[in-house]
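Please read the structure below before turning to the comments.
FYI, it's all coordinate maths here, none of it is from the lab. No experiment lies behind these values; they were computed from the predicted model shown. Note: ideal-geometry Cβ built from the backbone for every residue, glycine included; neighbour counts use all protein chains shown.
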Amino acid sequence: REAEAWEARFAEAHTRDGHRVEVAANLGNAAHALDAVERGAEGIGLLRTEFIFMAHASAPDLETQIAEYREAIDALDGRPLVARTLDVGGDKPLPYWPVPKEDNPFLGLRGIRLALTRPEVLETQLRALLMASRSRPLRIMLPMVKDVGEFRAVRTLFDRLLDEIPEAERATDVQLGVMIEVPSAALLAPSLAAEVDFFSVGTNDLTQYALAIDRGHPDLSAQSDGLHPAVLRLIEMTVAAAHAQGKWVGVCGELASDATAVPVLVGLGVDELSVSARQVPLVKARLAEFDLAEARAQATLALAQPTAEAVRDALEVR
Ligand code: PEP
Ligand code: MG
């Protein structure tokens, strides 16, 4: 099966009956973009730009960032890039950006909260992304957004940059979206969907915060399952809100490459799955195994279960 999946890796991803779902790759390093394309990725669905910042002894300047992003954009050759703005704090400290010691770093100054304390760093990053992209499709997303307030703060900055940078020197096909990885953002998805261009569900953090289980906890990892019906309901709300406003929804957490979860996510209406480059051919092959109607039935069945174990029992016997 793996050999077959590899052979078919460049085909457009869709379900057996032709329902289109994009399969993109998650990347921490722009230099790996070409490899992702060679594995069949239809774009980059999550560029974790913090790894670019971590690889430098101080915050990379505008030119350094432009060069990094351009490497990924050139490799993509017109396929879309979804770049996440700097997501540090929590489990990912930056040596040159010390955060006061916190009792609960996962509940502290991280993601967009931290970025908004240094708007000049965020501004340089947004400027670099815009200037690196030119005619190529660029999607920028913000991590750890809890409500529309944080999004508006960035949107103001972003709109000013769009005004400032001449159109010939920057991306014109550009969208600004948010990650859905804090339960409040899923619960408030209708108000966010009215203003953002897209959502990408980060199931790793969404599961952590919905179930109150540290995502790296050695003894609790078995219980930390993104197929938990509580997480699925948050995803259902997110998709419903987005689609009501004509916006698209991706999933870029680990759940997107779980063979059992793929039909459930498609059944919930997810439009894009972003997975590690290695998994791209397998996820494309998995999509081709079921019809949209089957996926919807699986999603309905999963949502009706009381626990993650019950979801897996109900789906995996089929
Ligand atoms: C997530 O939280 O699901 C996600 C994709 O982001 P990260 O794993 O980088 O926190
Ligand atoms: Mg996350």
Enumerate the whole-percent occupancy of each 10 Å bin, from 0 to the last occupied one, for all C-alpha pair distances of region 170-244. 20, 45, 24, 10, 1
Using a Förster distance of 30 Å, how high is the FRET efficiency between residue 310 and residue 35, based on the Cβ-Cβ distance and rounded to 0.05? 0.20
If you fit an axis through the alpha-carbon atoms of helix 148-164 and take the longest principal axis of the Cα set of the chain, what angle between them do you get, 0 to 90°, nearest 10? 50
Find how many whole Å separate the alpha carbon centroid of region 124-194 from the alpha carbon centroid of region 264-311. 28
So, relative contact order of the chain in percent, Cα under 8 Å, 6 or more apart, is 21
Region 117-156, Kirkwood Rh and Cα Rg, ratio Rg/Rh at 0.99
Rounded to the nearest 5, what % of DSSP beta bridges with both residues in the chain are antiparallel? 10
Between residue 20 and residue 303, what FRET efficiency follows from the Cβ-Cβ distance if R0 is 25 Å, with the result rounded to 0.05? 0.60
Helix 229-244 versus the longest principal axis of the chain: what is the Cα-based angle in degrees, 0 to 90, to the nearest 10? 60
Per-residue ellipticity at 222 nm attributable to helices in the chain (runs of n ≥ 4 DSSP H, -39500 (n - 2.57) apiece, nearest 500 deg cm²/dmol) works out to -12500 deg cm²/dmol
Please work out, to two decimal places, the log10 of the ratio I(q)/I(0) at q = 0.10, 0.11, 0.15 Å⁻¹ from a Debye calculation in which every Cα of the chain carries one identical scatterer. -0.54, -0.66, -1.25
Given pairs 247/284; 92/284; 92/247 and cut-off 25 Å on Cα-Cα distance, the over-length ones are 92/284; 92/247
May I have the extent of the alpha carbons of region 215-318 along their three principal axes, as whole Å values ordered from largest to smallest? 40, 32, 27
Take peptides 186-197, 304-315 and line them up by average Cβ neighbours within 10 Å, highest first, as a rough protection proxy. 186-197, 304-315
Enter the angle in degrees (range 0 to 90, nearest 10) between the Cα long axis of helix 292-303 and the first principal axis of the Cα atoms of the chain, meaning the one along which they spread out most. 90
Give me the one-decimal nm value for the distance between modelled label points at residue 291 and residue 217, 7 Å along each residue's Cα-to-Cβ direction. 4.2
In angstroms, what radius of gyration and Dmax does region 265-318 have, counting Cα atoms only? 12.2, 33
